[in-house]
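One structure below.
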Amino acid sequence: MSLLEDYEHQFGVLTADITSKTHGIPNLSGQPRKNAISDIDRLVEEAQDLLEQIDLEVRDLPSAARQTGSVRAKSYHDELRRLQKDFRRAQVAMADAVHGRDELLGPDDVPHSEDQRERLLQNTERMQKSSNRLEEGYRMTLETEEIGRGIMDNLHRDRETMTRARDRLRGVDQDLGKSGRILNGMVRRVYQNRVILTVVGLLMVGIIAVAIYFAVK
């Protein structure tokens with residue numbers, strides 16, 4: 001099992017635990033209910049940490065598998081947001097139940113219960129907004145890192161292209177140097193041949209002149 005698969009398995013276990021505890025909130029009261037809410041908050045934080053690890057692992061996948069991994073990671077983010085909404089609904093339903101109970105007990109306790117419900121709703125909304133902002137900031141960080149990685153890859157490819165071009169130029173220079181040396185050698189041989197032909201010609205003229213001299217004499 002790869003590290004990504006292990007993270008995905010852990011995320012599945014956490015989401016199942018969150019779902020089970022969320023559904024059990026309406027049946028609890030007092031300290032057990034507070035403990036359940038604290039447990040769910042802790043599990044949600046652990047799930048968010050796991051999603052960050054999953055995003056990092058997906059980013060390091062080969063390009064062929066990265067798109068499929070990104071789709072799975074997005075579905076996990078959507079699943080956690082859905083569970084958070086269910087958790088908020090359970091808390092609101094709990095507040096409504098307390099409000100209904102207070103109405104049955106008497107009108108004197110209703111304003112206090114209504115204030116508690118309002119504060120609970122406000123706190124839950126603030127927590128969700130903060131969570132959304134943190135998640136959005138984290139996504140922007142990942143996107144920025146991805147863009148930076150793309151730029152570095154492009155620069156690396158450009159550097160390799162420039163290195164290959166420089167190597168080809170060096171090869172051309174070497175070939176030109178070899179060709180120059182060959183041409184210089186050919187020119188030297190032409191000059192040598194001309195000198196030899198000149199010497200031979202002079203010798204032939206001298207021999208002919210000597211032969212004519214003795215013939216006439």
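Before moving on, here are some points about what is shown:
- Other residues whose C-beta falls under 13 angstrom from the C-beta of R164 contribute a net charge of +2, scoring Lys and Arg +1 and Asp and Glu -1.
- Length gained on full extension, L155 to R181: 5.5 nm, using 0.36 nm per residue less the C-alpha separation.
- Sulfur and carbon atoms: percent of accessible area, the range 151-217 [1.4 Å]: 67 percent
- Look at the alpha carbon pairs under 8 Å that are at least 6 residues apart: their mean separation over the length of the range 14-90 gives a relative contact order of 40 percent.
The values are calculated or read from the model by the stated rules, or taken from the named source; none is laboratory data. Note that the coordinates shown come from a computational prediction; the quantities given were computed from them, not determined experimentally. Glycine gets a Cβ as well: all are built from the backbone with ideal geometry, and neighbour counts include every protein chain shown. For accessibility, only protein heavy atoms count, side chains too; no ligands or nucleic acids. Shrake-Rupley method; radii C 1.70, N 1.55, O 1.52, S 1.80 Å.
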